[in-house]
Amino acid sequence: MDLIGCRLTLSPQSVSDDQQPQQPQEQPRVENQVVSHAVPSSQGGSTCRSYLFFVPHHYPQDGGTRPIIGWSKAMRVKTIARATLAGIKRWLAEEPSQEEPTLPFDNHYDRICRVFRQIDQVCHREAYVWGVVQGLALAKAIGYPRVSVIEFGVAGGAGLLALERIAEQAEKIVGIGIDVYGFDTGMGLPKPKDYRDLPYMWEEGSFAIDVDKLRTRLQRARLMLGLVEETVPAFVRSSFAPVAFVSIDLDLYTGTKHALGLLEAVPDALLPRIPCYFDDIMGWGYSDYTGERLAIHEFNSEHSMRKIAPHYGLKFFVPRQNVNSIWVECMYFAHIFDHPLYGARANVDRDNQLDLDGRWYKT
Ligand SMILES: C[S@@+](CC[C@H](N)C(=O)[O-])C[C@H]1O[C@@H](n2cnc3c(N)ncnc32)[C@H](O)[C@@H]1O
C-alpha cells in the first residue's frame, strides 16, 4: 500500500508522548498504523514533535483498502498559528535591520555587504557599488589613503554619473579619497575590425556622447576622450592614485584589449587585487574566442605575473537579493602577483584557531 502524508511541527505542550491519534469516524475494521517523528527544534531550546498517522481502511462497499490520513486530536488551531508566527518571526530576524549598529568598515564580506546595501539605496548600479566597495575594503585593509576608479565605455554617461555618486557616498563611509575617470571615444563605437569585435552585435557610431551636456552634469569625474588605444598608454605614463576598481564596457575585443593595458602599469599605480566588472561576457554567444572574453584570455596568456580571474562563488557572499543577479557572474579580480603588497595581510580577523570540536577561538 502507498503511504502518503504531510507533517506539522507542534510544541511539546500540545502533544504528549503517549497521545494516540483519533480514529476516523467511519471505521469498519482494521490494522491501524500510527507514525510519529521527533524533530529537533531550536525554539525555546525544547524538542518539538511532529505527528501524523496513516490508517489503512477497508471499505466494505467495494472491498478495497486505501489509506486515510489524520491529525492528532491535540492539534489546535491556536498552536498551529503560534508555530507559524514563530517561524515567520525567525525568518524576519534573518533579514538585516535598518537599525543595525554601525560597525567599523573592514575587509569582511558582511561589512562589504552592509556598505553595499547602504550605498545601493541611493545609487542603483549594483556592479559598480560592489566593485568600488570591495576595492575600498582592500585599500582600507592595506592602508591606502586615496584610490582611482575607472569606467571604460561611457556612452550617454549614466554609468559615470552613478560612479561619481557611489564615490561620494563611499568616501564618506570609508574615509578614503576617490578619483573617478571615464574613458570613451566620445563619438560612439569604432568600426568592428573582424569577427573578434562581434560585428553581428555592434555597429560603428552607436552610443555617441553628448560631451557638453555630460560635462555640465559631472561633478568630479574626468572624461578621457579618444580611442583607448591612445588614451590608456598616456594615462599609464601619468600620475594617478592606485586603481581600486575597473568597469569594462567597451563592447569590442579591440578596445578591451587596449584598456587592459592599464593593468600593465607599475605596481604603485594599482591595488594588488583589483575588482573588475566586464559588461559583455554573458549570453548573446559571447565566447573565449571573441569580444571581452578573448581580451581577458589573451591578457592571461601574455602575462605570467598578472592574471584576470573570475571572482569565484561571489553569489554566496553577496546580499540574498543579488544571488541571481547577472552582474555577480561578471565580477573578476585582476591579480597583480608582482605587487609588493600582494601578500600583505588583508583580513582584519586574525589569530584564529580551531579546536577539536571545530569551534573557533583566538590565541
Ligand atoms: C555600451 S557603451 C558604454 C555604456 C556605459 N558603460 C553605460 O553603462 O552607460 C560602449 C562605449 O564604449 C566606447 N568605446 C568602444 N570602443 C572604444 C575604444 N576603442 N576607445 C574608446 N571608447 C570606445 C563607445 O564609444 C561606447 O560609448
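The values are calculated or read from the model by the stated rules, or taken from the named source; none is laboratory data. In this text, all values refer to a predicted model and were calculated from it rather than measured experimentally. Cβ atoms come from the backbone with ideal geometry, glycine included; neighbour counts cover every protein chain shown.
Note on the stretch 141-155: among residues that are assigned to a loop (DSSP other than H, G, I, E, B) and under 25 Å from Arg217 (Cα atoms), the one that is farthest from the ligand (Cβ to nearest atom) is Val154. For the stretch 218-228, a tally of residues being small (Gly, Ala, Ser) and touching a residue at least 60 places away in the same chain (Cβ under 8 Å) returns 1.
Go through Asp210, Asp179, Asp194 for me and flag whichever is more than 19 Å from Val133 (Cα to Cα) and either modelled with pLDDT of 95 or more or within 9 Å of the ligand (Cβ to nearest atom) (or both).
Details: Asp210 fails: either modelled with pLDDT of 95 or more or within 9 Å of the ligand (Cβ to nearest atom) (or both); Asp179 fails: more than 19 Å from Val133 (Cα to Cα).
Testing whether each residue is more than 19 Å from Val133 (Cα to Cα) and either modelled with pLDDT of 95 or more or within 9 Å of the ligand (Cβ to nearest atom) (or both) leaves just Asp194.
Of all residues in the stretch 279-334, those being part of a helix (DSSP H, G or I) and either surrounded by fewer than 17 Cβ atoms within 10 Å (Cβ to Cβ) or among the hydrophobic types (A, V, I, L, M, F, W, C) (or both) number 19.
Taking the stated definitions as given, is Leu138 within 14 Å of the ligand (Cβ to nearest atom) and either part of a helix (DSSP H, G or I) or hydroxyl-bearing (Ser, Thr, Tyr) (or both)? Considered against the rule, which asks whether it is within 14 Å of the ligand (Cβ to nearest atom) and either part of a helix (DSSP H, G or I) or hydroxyl-bearing (Ser, Thr, Tyr) (or both), Leu138 comes out as no.
Looking at the stretch 291-303 only, could you name the residues that are more than 26 Å from the chain's Cα centre (by Cα) and polar (S, T, N, Q)? I'd like the intermediate steps shown before the answer.
Here is the first cut: in the stretch 291-303, the residues more than 26 Å from the chain's Cα centre (by Cα) are 298, 301-303.
Result: Ser301, single match.
Going by the conditions given, is Leu198 aliphatic (A, V, I, L, M) and crowded, with 18+ Cβ neighbours inside 10 Å? Let's see the steps before the verdict.
Details: aliphatic (A, V, I, L, M): yes; crowded, with 18+ Cβ neighbours inside 10 Å: yes.
Here the answer is yes, as Leu198 does meet what is asked.
The listed residues are Gly182, Gly186, and the only one of them that is in the same structural domain as Arg220 (by TED's automatic domain parsing) and in a loop (DSSP other than H, G, I, E, B) turns out to be Gly186.
Looking at the stretch 207-216, can you tell me whether even one residue there is β-branched (Val, Ile, Thr), within 30 Å of Pro145 (Cα to Cα), assigned by TED's automatic domain parsing to the domain that holds Val154 and more than 29 Å from the chain's Cα centre (by Cα)?
Of all residues in the stretch 207-216, those β-branched (Val, Ile, Thr) come to 209, 211, 216.
Then keep just the ones that are within 30 Å of Pro145 (Cα to Cα); that gives 216.
Still in the list and also assigned by TED's automatic domain parsing to the domain that holds Val154: 216.
From what is left, the residues that are more than 29 Å from the chain's Cα centre (by Cα) are 216.
Yes; the residues of the stretch 207-216 include at least one that is β-branched (Val, Ile, Thr), within 30 Å of Pro145 (Cα to Cα), assigned by TED's automatic domain parsing to the domain that holds Val154 and more than 29 Å from the chain's Cα centre (by Cα).
Residue pairs whose Cβ atoms lie under 6 Å apart, sitting 6 or more positions apart in sequence or on different chains, and linking a residue in the stretch 229-247 that is assigned by TED's automatic domain parsing to the domain that holds Thr185 and closer than 16 Å to Leu160 by Cβ to a partner that is of a type in the set (Gly, Ala, Ser) and within 15 Å of the ligand (Cβ to nearest atom), are Phe245/Gly131.
A count restricted to the stretch 131-184 and to residues that are over 21 Å from Cys113 (Cβ atoms), touching a Pro at 6+ places or on another chain (Cβ under 9 Å) and either free of Cβ contacts under 8 Å to residues at least 60 places away in the same chain or among the aliphatic types (A, V, I, L, M) (or both) stands at 0. Taken over the stretch 321-342, the residue count meeting the criterion of being in contact (Cβ under 8 Å) with a residue 40 or more places away in the chain and more than 23 Å from Glu292 (Cα to Cα) is 6.
Residues in the stretch 261-277: is at least one within 11 Å of the ligand (Cβ to nearest atom) and charged (D, E, K, R)? Spell out the reasoning first.
Going residue by residue through the stretch 261-277, those that are within 11 Å of the ligand (Cβ to nearest atom) are 277.
Narrowing further to those that are charged (D, E, K, R): none.
Checking the stretch 261-277: not a single residue is within 11 Å of the ligand (Cβ to nearest atom) and charged (D, E, K, R).
The test for being more than 10 Å from the ligand (Cβ to nearest atom), assigned by TED's automatic domain parsing to the domain that holds Ala162 and touching a strand residue (DSSP E or B) at 6+ places or on another chain (Cβ under 9 Å) holds for Arg293. Filtering the stretch 144-158 to residues that are touching a helix residue (DSSP H, G or I) at 6+ places or on another chain (Cβ under 7 Å) and on the phi > 0 side of the Ramachandran plot leaves only Gly157. Scanning the stretch 179-194 for residues that are surrounded by fewer than 12 Cβ atoms within 10 Å (Cβ to Cβ) and farther than 29 Å from Leu270 by Cβ returns a single hit, Asp194.
Please work out which residue is farthest from the chain's Cα centre (by Cα), limiting yourself to the stretch 218-255 and to residues that are within 10 Å of the ligand (Cβ to nearest atom) and part of a strand (DSSP E or B). Applying the filter and picking the extreme gives Leu225.
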